[in-house]
Structures are given as structure tokens and as C-alpha cells.
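Chemist: After the C-alpha cells below, expect a handful of questions from me.
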Amino acid sequence: MEASNQRQAEQVWRRGEHLAELDGLRGFAILIVTLYRFGKEFPSETMLGKLIGGVLSQGDRGVDLFFVLSGFLITGILIDGKDRPHYFRNFIARRCLRIFPLYFCTLAAIVIGSRFVPELADMFALPLGNQFYLWTYLVNIKMSVENQWCFGYLDHFWSLAVEEHFYLVWPFILYHVRSARMLRVAITVAILSAVSRIVYVLISHHGIAADVLTIFRVDALLIGAAVAVMARNPQSLERLRPWLPIPFLSGVMVVASGLVFKKGWFTLPHTLWPMIWACILVWLMTMYRNQWMARFFKLAALRSLGKYSYAMYIFQNPLIPLMSVVLTATTLTSVTGDAVSSHLVYIGLMFALTYIAAIVSWYLLERHFLKLKKYFPTNSAV
């Protein structure tokens, strides 16, 4: 019994405690997504270029990690605050304070700026022509209907639309579901989402909707939600932990096969990657504080990236055309001497600029709205 108590005391997370490693996990997500974004045109003429480009191309799976983390965090907040007064008001208000200011200020800056700077209007012609869907978080629905990426440098806003739809629906479902059935509901809906996506792919020959439509991508959020439900019962996590290598290694092996999924066949990676990330999340919650994975995700650099991850995600694509006047990988070739090194320098510089822009956004805009969260309290510290 004494050993069991000591083990529990040394574990990374207990209910009601902030999990610092979660900040690092979020930082890792924005790290690989941002590297992917700036490395999409990495030269593949050499073996080294192919290797680096291949690694960077997997960075878009950081979006799946964001989904898992969002599902986990939001579900935890909702469960912990279910019996508190103003359940819906507090949740919605806190989400609005976190998401809306930067999102709408970014859109407003593009719209207003394009009125006075013709070059800006040219850069963002596609999103400006589809403004309604941006202002109303319907980007992914427009893409699905048109079956094309039709927002240019704001195409990545599709994932923000998916999360917003989840925030609007999931709280009402949880509120009307008994605690004993929450896990079953989360897993069932996740399975239905994955199956419906596979059926859609078979019918449509993989339309864009399979990648962006909320009903086809919500499985990742619900996998995170399932972890949050189990986390409210530590014994469930302990019983699950010995089995984690099975879904983790199975997912890794299937994804690593590559050839089967090269063209997104059946879109199984959309479910397998969230399973891999969820396994890592559970490991972080049940392992000892001094284990290597816990130490890695507690690195100050990763936690800092996690703190500014939302703004980094918003800014990374728009910065590409905005900086193209003075900074491109091609212009750097005359300095570095070859395409591979010029792209590496470009990625590094753009990453740094995105990080700096996110910090500025935090201090000038975001943190002032976040201070208002104190008027809408929750029970959850995670």
C-alpha cells in the first residue's frame, strides 16, 4: 500500500492539477505544423532534400494532436464544471475570450488593409472573396461543397472551424449524458465519425470533405474526450497503461507503411494519428516525473511554443505572402549556395518571425482578454 501511494504521489498528473507537460505537447504540435507549413516546397532533387522534405511533410499531423488536446481539455473542463452554476455561459464566454479576439482581429486587419494596399488585396484575393465563410466559421463547409481549397493563405482556418463546431455541440451532449455513459458516447461517436468518413471516401473517391468536414474529423477530438473521461477515474488510466503499446505500435506501423496511405486511401491516418497522440497523452499522465518523456515535454522551449501556439497557427500562413517581398527560399539561394540550405534558412527565419509575431500578439491583444476569464470560473486546472 505504501509503495502504491508513493507511486501515485510521483506521477505527473492528479485530478485538479495543471499538467505542465501538456503545454509542451501543445508546443510540439505547433512546432511540427509550422515546420510543415514553411517546408511544403522543400526541394527533392537530392537524397538529403527528399529525406528532410519527407520528415517535414508529416508535420501536418500536428493538427491531429491539436484536436486530441482540445478534446481532452474541453471535455475535462466541462466534466469538472458540470455541477457549477452558469455551466454553458462560463464555458462559452471563456472560449470566446480565448479564440475570437485574435481570429476576428486578423480577419479585420486583412480586410481593412486590402482597402488601402492593392498588393494585399491581390495576396488575399481568395479569402476576401469568401469572407462570409470566414466570419461565420464555415470555412470547412465551403471547401466541402466546392471540393477545393478555396481560401488561399487562410486555408488552414478549416481546423479552427472544426474545433468551433465541436465547442458548440459537445457541451450540450455532455450535459445531458450521465457520467457513467460519457466514455461510451465519446467512443461510439468517434467510431461513427471514422466509419462515415471511410464510406464517404468510397463513394466520392476522396473529396476534400473527408479531410476538413467536422463530422468526418471529430473522431480525433472525441479520442481526446475519451481520455479526459478516463482521467477522472485514475484507476481506468492505470488499467489502460499496460495496453498502450498495442494501439501505439499498431498505429505507427500502419502509418509508416506509407504506400497504402500515400493518397489518403480510406483516410485511416486521420484516426490512427490521434490514437498515437492519445497514447502519448496517457503515458504523460501516468508516468513518473523524472522519466524521459515527461522531461522532454517540460522543456522550457516547448512550453513557450505551447503558450503562443494559437497565434503562431493563425499567423504562419499569412506571413508567407507578406514576407515574400523581402524573404523567400529562392532569394536566399544566392547567399547559401544551394537549394537545400536556403530552404532550411528560410524555414528557420520564418519560424522565428512567426514566434515573434505571436509574442507581440499575446502582449498587445490576447492576454488582456484572457484576464476577463476570472469572471467566468471553472473547476478544471488542466
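Chemist: Return yes when Phe38 is surrounded by fewer than 18 Cβ atoms within 10 Å (Cβ to Cβ), within 28 Å of Arg217 (Cα to Cα) and under 19 Å from the mean Cα position of the chain (by Cα) and no when it is not.
Modeler: Taking the combined requirement at face value, the residue does not satisfy it.
Chemist: Sticking with this structure for a sec: Could you check the range 87-107 and list, in sequence order, the residues that are of a type in the set (Lys, Arg) and under 16 Å from Tyr137 (Cα atoms)?
Modeler: Listed by number, the residues that qualify are Arg95, Arg98.
Chemist: Further question on the same structure: Being farther than 18 Å from Ala278 by Cα and touching a Leu at 6+ places or on another chain (Cβ under 6 Å) is the filter here; which residues of the range 167-225 pass it?
Modeler: Within the range 167-225, Pro171, Leu174 meet the criteria.
Chemist: Right, something else. Suppose we keep only residues that are among the β-branched types (Val, Ile, Thr) and part of a helix (DSSP H, G or I) within the range 133-159. Which one would you say is surrounded by the most Cβ atoms within 10 Å (Cβ to Cβ)?
Modeler: Checked the range 133-159; the qualifying residue surrounded by the most Cβ atoms within 10 Å (Cβ to Cβ) is Val139.
Chemist: Among the residues of the range 178-208, how many are crowded, with 22+ Cβ neighbours inside 10 Å and either among the charged types (D, E, K, R) or more than 20 Å from Leu69 (Cβ to Cβ) (or both)?
Modeler: 1
Chemist: Criterion first (under 20 Å from the mean Cα position of the chain (by Cα) and under 30 Å from Tyr200 (Cα atoms)) does Tyr153 satisfy it?
Modeler: Yes; evaluated as a whole, the condition is true for this residue.
Chemist: Since Ser204 meets every condition but one in (1) under 20 Å from Phe72 (Cβ atoms); (2) free of Cβ contacts under 8 Å to residues at least 60 places away in the same chain, which condition does it not meet?
Modeler: It is condition (1) that Ser204 fails.
Chemist: When you check Thr271 against the structure, is it buried (at least 19 other Cβ atoms within 10 Å of the Cβ) and modelled with pLDDT under 80, yes or no? Give the steps one after another, and end with the answer.
Modeler: Details: buried (at least 19 other Cβ atoms within 10 Å of the Cβ): yes; modelled with pLDDT under 80: no.
No; evaluated as a whole, the condition is false for this residue.
Chemist: When you go through (1) modelled with pLDDT of 95 or more; (2) buried (at least 20 other Cβ atoms within 10 Å of the Cβ) one by one for Gly76, which number turns out not to apply?
Modeler: With respect to (1) modelled with pLDDT of 95 or more; (2) buried (at least 20 other Cβ atoms within 10 Å of the Cβ), Gly76 is out only on (1).
Chemist: If you take just the helices (runs of 4 or more DSSP H) that sit entirely in the range 77-132, which of them hold at least 1 residues that are under 23 Å from the mean Cα position of the chain (by Cα)?
Modeler: Values: elements: 87-116, 118-123, 125-129.
Passing ranges, in order: 87-116, 125-129.
Chemist: Which numbered condition trips up Arg184, out of (1) under 29 Å from Val139 (Cβ atoms); (2) assigned to a helix (DSSP H, G or I); (3) modelled with pLDDT of 75 or more?
Modeler: Looking at each condition in turn, Arg184 falls short on (1).
Chemist: State yes or no: is Phe91 at pLDDT below 95 and either touching a Leu at 6+ places or on another chain (Cβ under 9 Å) or on the phi > 0 side of the Ramachandran plot (or both)?
Modeler: Details: at pLDDT below 95: yes; either touching a Leu at 6+ places or on another chain (Cβ under 9 Å) or on the phi > 0 side of the Ramachandran plot (or both): yes.
Answer is yes for this residue.
Chemist: Right, Tyr375: hydroxyl-bearing (Ser, Thr, Tyr) and closer than 28 Å to Thr75 by Cα or not?
Modeler: Spelling it out, Tyr375 is indeed hydroxyl-bearing (Ser, Thr, Tyr) and closer than 28 Å to Thr75 by Cα.
Chemist: Something else: Answer yes or no as to whether Val326 is assigned to a helix (DSSP H, G or I), of a type in the set (Val, Ile, Thr) and either surrounded by fewer than 21 Cβ atoms within 10 Å (Cβ to Cβ) or modelled with pLDDT of 95 or more (or both).
Modeler: Criteria not met by Val326.
Chemist: Specify the residue that is farthest from Val335 (Cα to Cα); the eligible residues are those in the range 361-382 that are exposed (fewer than 14 other Cβ atoms within 10 Å of the Cβ) and at pLDDT 95 or above.
Modeler: Per the criteria, the residue is Leu372.
The values are calculated or read from the model by the stated rules, or taken from the named source; none is laboratory data. Since we're looking at a predicted model, the values are computed, not measured. Because the Cβ atoms are built from the backbone with ideal geometry, glycine has one as well, and the counts that use them run over all protein chains shown.
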